[in-house]
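Q: Have a look at this one.
The values are calculated or read from the model by the stated rules, or taken from the named source; none is laboratory data. Predicted, not measured: the structure shown is a model, and the values here were computed from it. In this analysis, Cβ positions are derived from the backbone assuming ideal geometry, glycine residues included, and neighbour counts consider all displayed protein chains. With ligands, DNA and RNA removed, areas are computed over all heavy atoms of the protein, side chains included. Shrake-Rupley method; radii C 1.70, N 1.55, O 1.52, S 1.80 Å.
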Amino acid sequence: MFVYTKQYGLGTEEEDLFVRSLSVLSNIADQLYYPCEHVAWAADAKVLPMDSARWWTLSTALWGLSLLLGVARSLWTVLRLKQKLQNPTASVTSPLSQGTRRALRARMRSEVLTLLSNLADLANAIHWLPQGVLWAGRFPPWLVGLLGTISSLLSVYQAVCTDG
């Protein structure tokens, strides 16, 4: 994750300023999440003499923030791709245009799958926050498992489709 964040940097390659901002903020949340989760685990394992509850809450909140930013990024990207596909000035008969349209549709499908995966994970992240935060702690175990399974299957499907 650090290597990705370092390579992305401030997202200067990104043409959309809103997507760039969301991605940078998401990368910051991700980079803060991992040390917090490790401290929480170390406290639970009695490696560190402290209470882990605050660290778990902080790491879960950072995870949720990263997912929420990812949801916003995916929604924005899907809307932008939809606008490009509905552009009336593009020639429908041009072979390049057809290839571009196909690529835009494929990117939109991928972005929708990412959106659905992030939403499933976000629902779980909120469930793991302290009681009193939205629906925290209210999901039955089967629903937590189902949401995690859905997210994992969507991610595996995307990986398989991307690889070829």
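Q: Restricting the first residue to region 6-21 and requiring it to be more than 20 Å from LEU65 (Cα to Cα) and open to solvent by less than 90 Å² (accessible area, probe 1.4 Å), which pairs with a second residue that is among the basic types (Lys, Arg) and not in a loop (DSSP other than H, G, I, E, B) meet a Cβ separation below 8 Å and a spacing of at least six or different chains?
A: So the pair list comes out as GLU14/ARG20; ASP16/ARG80.
Q: Please give the number of the condition SER59 fails out of (1) of a type in the set (Ser, Thr, Tyr); (2) touching a Cys at 6+ places or on another chain (Cβ under 8 Å); (3) under 23 Å from LEU104 (Cβ atoms).
A: (3)
Q: Within region 120-131, take every residue that is among the hydrophobic types (A, V, I, L, M, F, W, C) and closer than 28 Å to SER110 by Cα and give me the one that is surrounded by the fewest Cβ atoms within 10 Å (Cβ to Cβ).
A: At the first step, the residues of region 120-131 found to be among the hydrophobic types (A, V, I, L, M, F, W, C) are 120, 122-123, 125-126, 128-129.
Next cut, closer than 28 Å to SER110 by Cα only: 120, 122-123, 125-126, 128.
Working: ALA120: 21, LEU122: 20, ALA123: 20, ALA125: 22, ILE126: 20, TRP128: 18.
So, considering only residues that are among the hydrophobic types (A, V, I, L, M, F, W, C) and closer than 28 Å to SER110 by Cα, the one surrounded by the fewest Cβ atoms within 10 Å (Cβ to Cβ) is TRP128.
Q: Let me ask another. Of all residues being touching a residue at least 40 places away in the same chain (Cβ under 8 Å) and among the polar types (S, T, N, Q) in region 97-116, which is most open to solvent (accessible area, probe 1.4 Å)? Just the residue, please. I'd like the intermediate steps shown before the answer.
A: As a first pass, look at region 97-116 and keep what is touching a residue at least 40 places away in the same chain (Cβ under 8 Å): 110, 113-115.
With among the polar types (S, T, N, Q) added as a condition, the list becomes 110, 114.
Details: SER110: 49, THR114: 33 Å².
The selected residue is SER110.
Q: Would you call ALA40 modelled with pLDDT of 95 or more, surrounded by 14 or more Cβ atoms within 10 Å (Cβ to Cβ) and not β-branched (Val, Ile, Thr)? First the steps, then the outcome.
A: Values: modelled with pLDDT of 95 or more: yes; surrounded by 14 or more Cβ atoms within 10 Å (Cβ to Cβ): yes; not β-branched (Val, Ile, Thr): yes.
Yes.
Q: Report, by residue number, each residue of region 22-37 that is more than 22 Å from HIS127 (Cα to Cα), hydrophobic (A, V, I, L, M, F, W, C) and surrounded by 19 or more Cβ atoms within 10 Å (Cβ to Cβ).
A: LEU22, the sole residue that qualifies.
Q: Consider region 43-58. How many of its residues are in a helix (DSSP H, G or I) and open to solvent by less than 30 Å² (accessible area, probe 1.4 Å)? Show your work before the answer.
A: Narrowing region 43-58 to residues in a helix (DSSP H, G or I): 43-44, 53-58.
Next cut, open to solvent by less than 30 Å² (accessible area, probe 1.4 Å) only: 43.
Here the count works out to 1.
Q: Related question: Take the conditions in contact with a Ser or Thr (Cβ under 7 Å, 6 or more places away or on another chain) and among the polar types (S, T, N, Q) and apply them to SER66. Does it pass?
A: On the way: in contact with a Ser or Thr (Cβ under 7 Å, 6 or more places away or on another chain): yes; among the polar types (S, T, N, Q): yes.
Here the answer is yes, as SER66 does meet what is asked.
Q: Just name the residue that is modelled with the highest pLDDT out of those in region 81-119 that are over 20 Å from the mean Cα position of the chain (by Cα) and of a type in the set (Val, Ile, Thr).
A: The qualifying residue modelled with the highest pLDDT is THR100.
Q: Right, something else. Which of the residues that make up region 132-155 are on the phi > 0 side of the Ramachandran plot and exposed (fewer than 12 other Cβ atoms within 10 Å of the Cβ)? Don't jump to the end; show me each part of the working.
A: Pass one, region 132-155, residues on the phi > 0 side of the Ramachandran plot: 132, 134, 137.
Matches in region 132-155: GLY132, LEU134.
Q: Answer yes if at least one residue in region 59-82 is of a type in the set (D, E, K, R), in contact with a helix residue (DSSP H, G or I) (Cβ under 6 Å, 6 or more places away or on another chain) and either surrounded by 14 or more Cβ atoms within 10 Å (Cβ to Cβ) or within 19 Å of VAL112 (Cβ to Cβ) (or both), and no otherwise.
A: Yes.
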